[in-house]
Every structure is written in C-alpha cells, then in structure tokens.
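J.: There's a structure below that I have some questions on.
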Amino acid sequence: MAHLEMHQFICRSDNYGLLVHDHKSGATASIDAPDAVEIEKQLRKRGWQLTHIFSTHHHGDHVEGNAALKNQFSCVIIGPRAEADRIPGIRTKVSGGEAFTWAGREVKVLACLGHTLGHIAYHIPSEYSVFAGDTLFSLGCGRVFEGTLEQMYHSVTQFKTLSPSTYLYCGHEYTEANARFALSIEPMNRMLQQRASIVATLRREGKMTCPSTIGEELKANPFLRTDSPEIRRNLNMETATDADVFAELRRRKDSFK
Ligand code: ZN
Ligand code: FE
C-alpha cells in the first residue's frame, strides 16, 4: 500500500496545519483546523477535497476552522468524546484506548490529559506517524491548563512507547524556544546541542523544524528524559521520582524567559 502524503504548513502565527491525503481513495484529513482560509487554500493548491478533520482538543486555535470547513466540504469531524460539547461540528466521538479505520489504516487514539481534560492524540502505526496536538512538542511539551502535572507526565510518557522511527507531528512551531529551555536544563547533552543548532538554522531560513521523530525526541527533549543524570543533578533531584522531575521541569518552563 502506498504511503499517505503529509502536507504541513504554518498558519496563524505558530500553529501547524497538517493535511493527510490518501491517493488511492482521495480521503483527506486536516489535523485540527486552526485556520479555515489557509487550510482551504492549501487544499486547493493540491487539488484535494477535505473529507475529515481530526480534532485533538477544544482550544480555539485548534477548532476555529471546524464550522467553516464543515460547511464548505461536509467533512466528518472526529474528536474527543470528553470535550465533545466544545468541538464545533463534531460527528464521531472517540476516547483514548479506542481505534478506528481511516483510509484503510488503523488509527489509534491516545488519551493525553493535562493540557486539557479531554485532549487526545492520533497514532497511525502503519505510517509511523503520531499527531500529538498540544501534548508533546519537539524539545518540549504543552502547558498544563486543565489537568494535573501528574496527568501530563503520564500523557507525555506514553509517547516513549512508540517506535523511535515514528514521526512526531505537533500543534505548534515552538521548537526554538523549547531548545533554549532544554539547553538551560541539560547543557552538556551533545544530541541536544546538535539539534538546537539545526533548529536555529532552519528558523533563520524560515523553515519548519517539524516533524521530528520519537527517536530524536528521546535523545534531546528534557520532558522525555527525566532519568537523565545531568538533568537530575542540575535540578538537585537525584533521588526524586520521574513524575516529580517532570513536574519540576514543567514548572520551570512556565516561568522561563
Ligand atoms: Zn491548546
Ligand atoms: Fe494550541
């Protein structure tokens, strides 16, 4: 089976738009709908018809385009059951642990509580792709708005179980700022240093830094590296639990300038 084509672009200021297209059936999904006008423009450029939206969570910068796109394309909106009342136009409600078939592929739903209380991610194992919304970013993770730090720890940690070759598609281009924080926490990490310099070059050239892979994130993203001796030493938390190290990292990132 030919692979799905991924078309990623930046919209609003730092949101990622992502269109997933199956050449065989013509099925096309937008991962979240941050900006209806821009998504429509990108669809037209490719000659694709939108058939689905996969919503990750209810924040405005992820669902604002739902109504307009549904109006125009009569697309089916799939989203988190737990916050269905806040996902405009939702038709198919899904929860963590469930799976559904899209374009002949299995799509697994991951529960990602923390950023919001119903946040979900979508994993397509056959495509080595995960759509993480605002839960896991490249070199960082989402802010904890509705859930607890403990919930966010579990949400982020489950990405470690995916194959290292899995592409991580996330909701925002935050990588450069995330790299600055990561380097303040684990300055001697060679993989992180290399990644930060690649990211700086890409951004200078106006290019996107994502998707990365889970394997790259395991080597450089501090939120996946709570067992790193250097991080623990720098936090003065050598004997703390991983969840406590994670919570401290998230707290520090909240106030990091
Ligand atoms: Zn959000
Ligand atoms: Fe967001």
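J.: Nearest 5 is fine: what % of DSSP beta bridges in the chain come out antiparallel, could you say?
T.: 65 percent
J.: Please build a GNM for the chain, connecting alpha carbons under 10 Å apart, and tell me which residue among Gln49, Gln72, Gln193 fluctuates the most.
T.: Gln72
J.: Of the accessible area of the chain, with the probe set at 1.4 angstrom, what percent is carbon plus sulfur?
T.: 50 percent
J.: When the helices in the chain are scored as -39500 (n - 2.57) per DSSP H run of 4 or longer and the sum is shared across all residues, what 222 nm value do you end up with, to the nearest 500 deg cm²/dmol?
T.: Using -39500 (n - 2.57) per qualifying helix, the result is -9500 deg cm²/dmol.
J.: Would you kindly state how much longer the chain becomes between Glu106 and Lys219 on full extension, computed as 0.36 nm times their sequence separation minus their alpha carbon distance, in nm to one decimal?
T.: Working it through step by step, the gained length comes to 37.9 nm.
J.: Another question, if that's okay. Arranged from highest to lowest average of other beta-carbon atoms within 10 Å per residue, in what order do the peptides 117-126, 27-36 appear?
T.: So the order, starting with the most tightly packed, is 27-36, 117-126.
J.: Next question, about the same structure. When only DSSP loop residues count, what trypsin sites (Lys or Arg not before Pro) in the stretch 162-235 have their Cβ near at most 13 other Cβ atoms within 10 Å?
T.: Lys207
J.: How many percent of Cα pairs in the stretch 1-88 exceed 21 Å?
T.: Roughly 23 percent, rounded to a whole number.
J.: Report, in listed order, any pair from Lys93/Lys257; Lys160/Lys257; Lys41/Lys257 with a Cα-Cα distance greater than 32 Å.
T.: Long pairs (Cα-Cα over 32 Å): Lys93/Lys257; Lys41/Lys257.
J.: Rank Ile31, Ser155, Asn236 by how far each Cα sits towards the positive end of the charge dipole of the chain (+1 on Lys, Arg Cβ; -1 on Asp, Glu Cβ) and give me just the farthest.
T.: Working it through, the farthest residue towards the positive pole turns out to be Ile31.
J.: Next question. May I ask you to give the solvent-accessible area per residue for the stretch 167-246, in square angstrom, as obtained with a 1.4 angstrom probe?
T.: I get 47 Å² per residue for the stretch 167-246.
J.: Which three extents, in whole angstrom, do the alpha-carbon atoms of the chain cover along their principal axes, largest first?
T.: Taking max minus min along each principal axis of the Cα atoms, the chain gives 54, 39, 35 Å.
J.: I've got another one for you. Can you list the residues, at least 5 places off or on another chain, whose amide H is less than 5 Å from the amide H of Ile77, using H built in the peptide plane?
T.: Ile53, Arg91, Thr92
J.: Given contacts defined as C-alpha pairs under 8 Å and at least six residues apart, what's the relative contact order of the chain, whole-number percent?
T.: Once divided by the residue count of the chain, the mean separation gives 13 percent.
J.: If exposed GluC sites (Glu not before Pro) are those in a DSSP loop with at most 12 other Cβ within 10 Å, what is the longest stretch of the chain that has none?
T.: 1-204
The values are calculated or read from the model by the stated rules, or taken from the named source; none is laboratory data. Computed from a prediction, not measured in an experiment: that's the story for all the values here. In this analysis, Cβ positions are derived from the backbone assuming ideal geometry, glycine residues included, and neighbour counts consider all displayed protein chains. To get the accessible areas, we keep the full protein, side chains included, count just its heavy atoms, and leave off ligands, DNA and RNA. Shrake-Rupley method; radii C 1.70, N 1.55, O 1.52, S 1.80 Å.
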